[in-house]
Amino acid sequence: MTKFNDYISKQKFMEELYRYKRGSVTRRHFLNVTGLGAATAVLGAAVPGLLPRPAFAAGDIGDRVILATWPNYHEPANFEAFTEATGAHVQVNVFGSNEEMLAKLQAGGSGWDVYVPTNYTITTYVSEGLIEPLDASKLPNYDASAFDARYAEAGSVDGQLYAVPKDWGTTGLAINTAHNGGKAITSWKEFFDITRDSFSGRTMVHDYQLTTIGNALKYFGYSFNSVDEAELADAEKLLIDVKPHLFAISSDYQPSMRSGDAWLTMCWSGDGKQLNTDMPEIAYVLGAEGGEIWSDYYAIPKGAPHMDAAYALINFLLDPAVNAKEVLAHGYPTADANTFALLPESLRNDPILFPAQELLSPLEFGAAQTLTDPNRAELMARFKSA
Amino acid sequence: MTQRTRNLLLLAPAGTWFLVMLIVPLSVVLIFSFGERAPAGGVVPAFTFEQYANLPARWAAFRNTLFLAPVGTIAALLIAYPLAYYLAVKVDPKWKMLLLVLVIVPFWTSILIRSYAWIFLLGGRGIPALLGWIGFEDIRLINTPFSVLVGIIYGYLPLMVFPLFVSLDRLDKRLLEASSDLGAKPWRTFAQITLPLSVPGIATGCMLVFILLMGEFLIPALLGGGKVFFVGNALVDLFLQSRNWAYGSAVAVTLVVVMLITVTIYMRLISRLGAHREDVSLM
């Protein structure tokens, strides 16, 4: 729109105006062909107050920021907008489990600037000295009072802020009902039973100890977070028994669910929302026995190479207008009331994003001990190599 | 500068590299393998054989590796041999260079991306859909040992073709004429002249592919769906998920030992088949 070589004749302008008035062309078409849209933009740019305001305090933050996050978890257009506003390119690394993120940070030299840990891992990052305390004054968009405490409290350890809330969600199951006579299933018991029956070879479980072991524990009615050896032994027996009937063990289940190779999977609510939106025959279900409720956070690892860019990116993503676009893209609810207010009505009442209270109450937040428990870690590794 | 100092100076870069990148890391891994898992993951120094005692828990990974690595190597050999023979003996020399370049072309794209392509080819909407179309319903390819084997053969075929090509290309074609003049049928010429003289190429190609396959992890991870586990996958898991460096080191040391034993046995077999040790360019 920076080219103004072409101008429109008076006669052509009037024709276009009449077409627009008659409603035979859109407003956008009218503004484009007449050049009025471009003219307005140019005029707007000449008035400093109308320029999109940079999301950070002025200053050079470098040319890149490296983000470690989860699959299907951001609106790419927001990253482009960030690059446009700051000059820093967002480089995204995708992970399948919190254990994998922790392992990378423990090994050192991850090179990340921002990462997205889940609630139950933050105390471990603090005790291992792998996380940077956050300076809230560098995050003007972080309005602590606007966040629902349930999904924000894990970000502070001993009164010190280490992580700010990104969004929250649940871990349920997604089933392609077309293969089950149009019916969904309702429990983890059914999940593992149908896998060994009519869904043999069509089910996916996460490559993630917390949810795969946790949901196997729910089959027996145990706690999602159990580290009891006898209960874990039951879960292992179930998982090993189910393994030959699985399609795959992977946390990136969307491609297989979409292609029809997989019919049933453990599923995070936002993925469930994305799948259900595009393929209404895929239903997202919370296991009747319970399961996981979680919240994810933005945090900065110790020794991040581009610290200023890290603060700038987190602050940018916490801007309610930006955050609302994130929610529309990934389908996870945010705990931020300011962002919530910007969401369309249909999303605010969406049963996948905001399940009914009676479905939420049996859910458990992941417990810190599951992350470091050697038995759970080894059980998962044994299950995979069985 | 004496001859000796010059030689030492010239060897210094390779020697340093060898020391820093191989000897030191291997020693660290060996030391770790006698340690214990740290509470939050990692390793604490100790002297225990506990990790080695726990090795049977990874038996399936060793079994998969020790089955699919040799099978993949032999399959690659059987497919590569006729191709290499064609390129070295039969093809019009003016096309030879072009065809050889075509064998390398896949290497211009990362194996990761090429393996991803196989996910779609072997997935339900790929080859199985075609098979369903001609009447073979419900064939599952992706995430099976078969799909891993396909990926292995696809990925490693060029590595097998080249050593075979070199040894067949060097073959003195007059020997073939002599054999035929003396009344040998083509299959007999092949069995008694071509095949024995190409043993060095076979030995090198198999060794190259087999050793790389023993450490393979990417292809089983992508085409096995976490269900066809190699030792390489078990290692990645132990270091990057369950963070049990001590146990991971013990598995790694065991893999190295298993590899050394297999390769030694293999060398013995090959030398008995008529190739001289110095023919196998890898050793």
Among helices (runs of 4 or more DSSP H) completely within region A:16-129, the ones holding 1 or more residues that are over 22 Å from B:Gly41 (Cα atoms) and modelled with pLDDT under 90 are A:27-34, A:36-46
Original post:
Within region B:39-50, can one find any residue that is assigned to a helix (DSSP H, G or I), at pLDDT 95 or above, under 30 Å from B:Val258 (Cβ atoms) and within 14 Å of chain A (Cβ to nearest Cβ)?
Top reply: no
Note on B:Leu212: of the conditions (1) away from chain A (no Cβ under 14 Å); (2) surrounded by 18 or more Cβ atoms within 10 Å (Cβ to Cβ); (3) closer than 27 Å to B:Leu66 by Cα; (4) not aromatic (Phe, Trp, Tyr), unmet is (2)
*Filter result for B:Leu78 (more than 23 Å from B:Val166 (Cα to Cα), at pLDDT 95 or above and assigned to a helix (DSSP H, G or I))*: no
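If I go through region A:98-120 residue by residue, how many of them are among the polar types (S, T, N, Q) and surrounded by fewer than 22 Cβ atoms within 10 Å (Cβ to Cβ)? Explain how you work it out, then say what you get.
Here is the first cut: in region A:98-120, the ones among the polar types (S, T, N, Q) are A:98, A:106, A:110, A:118-119.
Next, from what is left, pick out any that are surrounded by fewer than 22 Cβ atoms within 10 Å (Cβ to Cβ): A:106, A:110.
The number of residues fulfilling the criteria is 2.
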Checklist entry - Based on what the data block shows, is A:Ile293 closer than 20 Å to A:Val327 by Cα and buried (at least 20 other Cβ atoms within 10 Å of the Cβ)? => result yes
Within region A:358-374, restricting to residues that are farther than 15 Å from A:Thr211 by Cα and either without any contact (Cβ under 8 Å) to a residue 40 or more places away in the chain or facing another protein chain (nearest Cβ under 10 Å) (or both), the one that is surrounded by the fewest Cβ atoms within 10 Å (Cβ to Cβ) is A:Glu358
Filtering region B:166-193 down to residues that are of a type in the set (S, T, N, Q) and crowded, with 18+ Cβ neighbours inside 10 Å yields B:Ser167, B:Ser179, B:Thr189
- Query: Does any residue of region A:355-376 turn out to be modelled with pLDDT under 95 and of a type in the set (Phe, Trp, Tyr)?
  - Reply: no
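Quick one: count up the residues across region B:212-245 that are assigned to a helix (DSSP H, G or I) and free of Cβ contacts under 8 Å to residues at least 60 places away in the same chain.
So the first thing to find is which residues in region B:212-245 are assigned to a helix (DSSP H, G or I), and the list is B:212-214, B:218-223, B:231-240, B:245.
Adding the requirement that they be free of Cβ contacts under 8 Å to residues at least 60 places away in the same chain leaves B:212, B:221, B:235-240.
Total meeting the criteria: 8.
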Per the filter on region A:131-185, residues under 18 Å from A:Tyr284 (Cα atoms) and surrounded by fewer than 21 Cβ atoms within 10 Å (Cβ to Cβ) are A:Thr177, A:Ala178, A:His179, A:Asn180, A:Gly181, A:Gly182, A:Lys183, A:Ala184, A:Ile185
Per the filter on region B:54-104, residues within 14 Å of chain A (Cβ to nearest Cβ), surrounded by 19 or more Cβ atoms within 10 Å (Cβ to Cβ) and either free of Cβ contacts under 8 Å to residues at least 40 places away in the same chain or of a type in the set (Ser, Thr, Tyr) (or both) are B:Thr65
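The values are calculated or read from the model by the stated rules, or taken from the named source; none is laboratory data. Please read these numbers as outputs of a predicted model, since none were measured by experiment. Don't worry about glycine lacking a Cβ; one is built from the backbone with ideal geometry, like all the others, and counts go over all protein chains shown.
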